[in-house]
1. Provide Rg over Rh for the range 260-396; use the alpha carbon set for both Rg and the Kirkwood Rh (inverse mean inverse pair distance).
2. What percentage of the solvent-accessible surface of the range 269-369, computed with a 1.4 Å probe over protein heavy atoms, is contributed by carbon and sulfur atoms?
3. Nearest 500 deg cm²/dmol is fine: what mean residue ellipticity at 222 nm does the chain get from its DSSP H runs of n ≥ 4 alone, each adding -39,500 (n - 2.57), divided by its residue count?
4. Read phi for every residue in the range 343-357 and hand back ³J(HN,Hα) as whole Hz from Karplus 6.51 cos²θ - 1.76 cosθ + 1.60, θ = phi - 60°, with x for Gly and Pro.
5. For the pair T189/S110, report the inter-label distance in nm, with labels modelled 7 Å from Cα in the Cβ direction.
6. Work out, step by step, the length gained on full extension between L377 and I93: first 0.36 nm times the residue separation, then minus their alpha carbon distance; give nm to one decimal.
7. Determine the relative contact order of the chain: mean sequence separation of Cα pairs under 8 Å and six or more apart, normalised by residue count, in whole percent.
8. Given a 1.4 angstrom probe, what's the average accessible area per residue across the chain, in square angstrom?
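The values are calculated or read from the model by the stated rules, or taken from the named source; none is laboratory data. Because the structure is a prediction, the values reported are computed rather than measured. Note: ideal-geometry Cβ built from the backbone for every residue, glycine included; neighbour counts use all protein chains shown. We work out accessible area using only protein heavy atoms, side chains counted, and drop any ligands, DNA or RNA first. Shrake-Rupley method; radii C 1.70, N 1.55, O 1.52, S 1.80 Å.
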Amino acid sequence: MTCDGDGDGDGDPDTEEHPDSPRAGDESALFSALLEDSAEDLYENAPCGYLSTRLDGQIAKVNTTLLDWLGYERTDLVGRRHFSDLLTVGGRIYHETHFAPLLRMQGEVSGIALEMKAADGSRMPVLVTSTIKTSADGRPLLVRTTVFDARDRRAYEQELLRARQESERERERLQQLASTLQATLLPPTLVNVPGLDVAAHYHIASIDQVGGDFYDLFPLTDGTWGLFLGDVCGKGAAAAAVTSLTRYTLRAAAVYDPDPAAVLGNLNTVLTHEYNGTDPRFCTVLFGLLTPDAEQNGFRITLAGGGHPPALLIRADGTADYLPTPGGQLIGVLPDAVIATTTFRLAPGDTLLLYTDGLTEAHTADHGDRYGDETLLDFGRVLAPTTADRAVTAVRGLLDTLRTDDDTAVLAVSVPRTDRQERQ
């Protein structure tokens with residue numbers, strides 16, 4: 001067996017020093033010496049600038065740290081310059097109008113952001129704290145000022161400001177994109193239907209996201225007209241893609257077969273085919289076929305519903321009721337969705353109001369209660385009789401008083417009364 005000198009058998013001398021060894025004693029003495037730095041050294045080489053001035057601001061003492069920051073010699077400042085001379089023009093104005101008066105009044109001013117001028121003309125952002133030192137009897141004697149280097153902080157603040165400005169610009173670009181995309185999903189204008197007044201409104205709950213609500217009114221063959229209003233699940237670009245596909249499909253299907261149940265059946269087939277598996281997409285929708293009734297001066301309407309809130313019929317006699325489309329299922333969920341239909345006559349003075357659930361699911365501003373179907377029905381009864389334009393205007397005003405979390409689309413059609421009917 002081979003033994004080393006320290007007896008541990010590893011062949012290397014032991015490097016651990018005993019606490020009483022000479023080397024350990026030297027380090028302890030050096031550490032103690034550092035703790036006992038002179039007050040003068042602590043003042044001169046502090047990590048911040050120190051400055052003492054007379055009450056009139058004339059510099060009486062300055063430490064090496066501040067001299068090095070600004071590039072001055074001690075003889076350049078002590079007894080020759082005032083504290084305000086080291087400030088920029090804006091800083092001097094602030095010092096004279098705010099800093100100095102506040103210091104005299106309070107005896108201390110803390111954390112004021114200023115800029116100091118270096119000897120080479122450059123600017124140095126600093127944070128300044130000043131305190132008035134008094135004699136035993138309370139007489140002010142001098143002002144002691146501590147100066148902290150704020151260059152890193154200023155750079156951080158400027159970078160933060162640039163990031164915030166860029167974020168705001170990006171948000172504005174996204175809002176503009178969302179607004180433009182939203183506009184492409186709605187008809188630019190509503191077509192003119194002889195013998196029918198039409199009005200619509202789209203209420204945006206958030207300008208940051210594209211909603212999935214949609215509506216349209218368009219001509220078909222043989223003097224008939226198609227209208228629809230619906231709501232695609234979700235928001236954003238994905239919902240916009242489904243909305244665009246839905247609007248195109250409804251128009252195309254209505255040309256092929258205008259029967260409302262057939263139109264929604266075709267839409268259901270397209271959505272269940274295009275969106276299935278892990279990313280299903282569906283919508284609620286009302287589709288109506290409007291046929292003029294020349295003999296009685298009105299319109300015969302067949303309305304098909306696919307899981308959508310019922311339309312509200314506001315009659316000329318001052319009553320209002322929901323048009324039942326019970327059993328209508330969501331479009332795009334099941335391959336063979338049940339489509340509910342109802343047929344009625346829209347007579348002179350009657351108004352048909354279609355809306356998305358952003359209206360009934362909104363909350364009142366005062367108590368936060370859900371607005372709800374019954375409250376909307378009462379609202380319609382108060383409006384009756386009304387016109388398409390007045391009904392939509394009233395709903396717009398109502399939406400302004402509610403807290404909405406979802407977009408709301410509103411479409412109203414009404415048959416105007418004749419002069420004779422108005423007199424009656």
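1. Radius of gyration over Kirkwood radius for the range 260-396 works out to 1.03.
2. Here it works out to 51 percent.
3. Per the formula, -10500 deg cm²/dmol.
4. 10, 8, 10, 9, 8, x, x, 8, 10, 9, 10, 10, 7, 9, 6
5. Here the answer is 6.7 nm between the modelled labels.
6. Numbers: separation 284, 0.36 × 284 = 102.24 nm, distance 6.57 nm.
Between L377 and I93, full extension yields an extra 95.7 nm.
7. Rounded, it is 12 percent for the chain.
8. The answer is 55 Å² per residue.
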